[in-house]
Amino acid sequence: MFWQQEIETLDRPALDALQLKRLRETVGKLERVPFYRGKFLENGIKPEEIKSMADLRRLPFTTAEDLRANYPDGMLAVSREEVLRLHTSSGTTGKPKALFFSRRDVDTAAELIARAFCMTGVTRRDVFQNMMSYGLFTGGLVMHYGAEKMGCLVIPAGPGTSERQLLLMQDFGTTVIHVTPSYAFYFADFLEKKGVDPRKDLSLRKAFVGAEPYTEETRNKIEAALGIEVYNSYGLTEMNGPGVAFECEGKCGLHLWEDNFVLEIINPATGEPLSEGKTGELVLTSINREAMPLLRYRTRDLSSVISGPCACGRTHRRIHRITGRSDDMLIVRGVNIFPQQIERVLMSIPQIGRNYVIQLEGLDEMTVKVELSPAGFDGQVGHLEQLQNLVAEKLRAELWIRPHVDLVACGSLPVSEGKAKRVIDKRTL
Ligand code: AMP
Ligand code: ZN
């Protein structure tokens, strides 16, 4: 099922030509933005000289710091009257990153979501419960309007309490949810405690899971716990929010809508492009935005391009699930560690539950605090110690250092309404 079949299956030469046309228009438009005009002058770039996609590399990068420095509206490429909506990114420190939408941008963002819904087999008969927070965060409204465009019944539940989510699911027959991986787990535990069997008692069939990195093991666990299909949904405020890249029914990488975004993978340290298939930082250029297009935006998200055609027939290239952020690497006792490595190990152990935090303290002490699964502890202290050792050993094999492991009761770690905070760094180094 396609939402815009022609564009979703455009052959490569036509897609390349469309990208170039839109890139040239975007660069021309950005001459009006003082930040980009300055960069073009500095680097001797004349927009009319952009003649092929290879010229992309001559264009400057844009960073999160550039957005903050130009806050609130220094990067706007249209007049204030043409702006319809504002969203901000969920960054927790300092000024947020603000992104503006024109009327056309609001509509395009919804189209991209509608494509994603169709691509995962959702139809107008589905009932979509959006469990993401509504407000400045794009996961609420942008997804909402996309679902409405597609034509399903939309329940704007927001993150709310699990009791209320369950009630809505029961009363209105929710079939599709949009949720963070951490909340999906929390909700699965909640159902288990309530004695609700989602396979028998609910109509759920699919979930769009995103907003934070998670592993394939986590996907498998959510699917098993809720009896549903989980599709990875990737996006960021700077590029509309959700709907930048999405899995199709094949669940073999995320199609990135290349008629809207130019995709590059670079070495984060040098800024140089990496060859196809190599993992590096995802850099995105929005070529179909009116209010605030961005050139070569450094997402900090790590991924790689999956080559070759997809069985679904879409020609837009796929990216591998995000394996972490170039700035969330931890250095513990001289060893480079990504939180995702820890998650992968934890989720592969059946007795281990679904919520965890990584605590760094003192002079480089790492403790992995993790919940037991509801059936993970039989009451025998000896077994608990064995399990603790097993987890620590498996982590050592993956990370090369042996962290402390603290096993805690199911449901005892805090769950945030938005993105999970997995790392607490209180080191006094
Ligand atoms: P925000 O702009 O606040 O919505 O945050 C966007 C960021 O959330 C991205 O740059 C990623 O770091 C993260 N993110 C969103 N979706 C996913 C996903 N499916 N997998 C991994 N990380 C994600
Ligand atoms: Zn596909």
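The values are calculated or read from the model by the stated rules, or taken from the named source; none is laboratory data. Source: prediction; values computed, not measured. Here the Cβ is made from the backbone with ideal geometry for all residues, glycine too, and neighbour counts use every protein chain on show. All accessible areas refer to the heavy atoms of the entire protein, side chains included, with ligands and DNA or RNA removed. Shrake-Rupley method; radii C 1.70, N 1.55, O 1.52, S 1.80 Å.
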Quick one: Debye curve from the alpha-carbon atoms of segment 107-155 only, equal weights, vacuum; give me log10 I(q)/I(0) at q = 0.18, 0.20, 0.23 Å⁻¹ to two decimals.
-0.47, -0.58, -0.76
For segment 113-268, compute the orientation-averaged projected area of the C-alpha convex hull (one quarter of its surface), in nm².
9.4 nm²
Using +1 at the Cβ of each Lys and Arg and -1 at the Cβ of each Asp and Glu in segment 38-142, identify which of Val122, Ile45, Met132 lies farthest towards the dipole's positive end.
Val122
Mind scanning Lys369/Lys394; Lys21/Lys51; Lys149/Lys200; Lys394/Lys419; Lys97/Lys426; Lys251/Lys421 and naming the pairs with a C-alpha gap bigger than 19 Å?
Lys149/Lys200; Lys394/Lys419; Lys97/Lys426; Lys251/Lys421
Mean separation of Cα contacts under 8 Å (at least 6 apart) over the residue count of the chain, i.e. the relative contact order in percent, is 14 percent
Where chymotrypsin sites (Phe, Trp or Tyr not before Pro) fall in DSSP loop in segment 355-429, at most 15 other Cβ within 10 Å:
Trp400
So which aspartates and glutamates can Lys278 reach, going by Cα to Cα under 14 Å and dropping same-chain residues fewer than 8 places off?
Glu264, Asp301
Please give the calculated 222 nm ellipticity per residue for the chain, where each DSSP H segment of at least 4 residues contributes -39500 (n - 2.57) and the sum is spread over every residue; nearest 500 deg cm²/dmol?
-9500 deg cm²/dmol
How would segment 130-177 be classified by its alpha-carbon gyration tensor: rounded, prolate or oblate, with rounded meaning a/c under 1.5 and the a/b versus b/c comparison settling the rest?
oblate
Kirkwood radius from Cα pairs of segment 24-175 plugged into Stokes-Einstein at 20 °C, 1.002 mPa s, gives D in µm²/s equal to 118 µm²/s
Counting only protein heavy atoms, what percent of the accessible surface of segment 138-251 is carbon or sulfur at a 1.4 Å probe?
51 percent
Let me check against my output: what whole-number percent is the relative contact order of segment 261-373, with C-alpha pairs under 8 Å and at least 6 apart?
15 percent
Go through 217-226, 236-245 and give me the packing order, highest mean Cβ count within 10 Å leading.
236-245, 217-226
Quick calc of log₁₀ I(q)/I(0), segment 208-332, Debye, one scatterer on every Cα, no solvent, q values 0.11, 0.12 1/Å, result -0.38, -0.45
Ordering of 332-338, 290-296 by burial proxy (mean other Cβ atoms within 10 Å per residue, highest first)
290-296, 332-338
Taking a temperature of 4 °C and a viscosity of 1.567 mPa s, what whole-number D in µm²/s does Stokes-Einstein yield for the chain with Rh from Kirkwood over alpha carbon pairs?
57 µm²/s
A correct Kirkwood calculation over the Cα atoms of segment 314-385 returns a hydrodynamic radius in Å of 14.8 Å
Please report the Cα spread of segment 289-429 along all three principal axes, rounded to whole Å, starting with the longest.
59, 42, 31
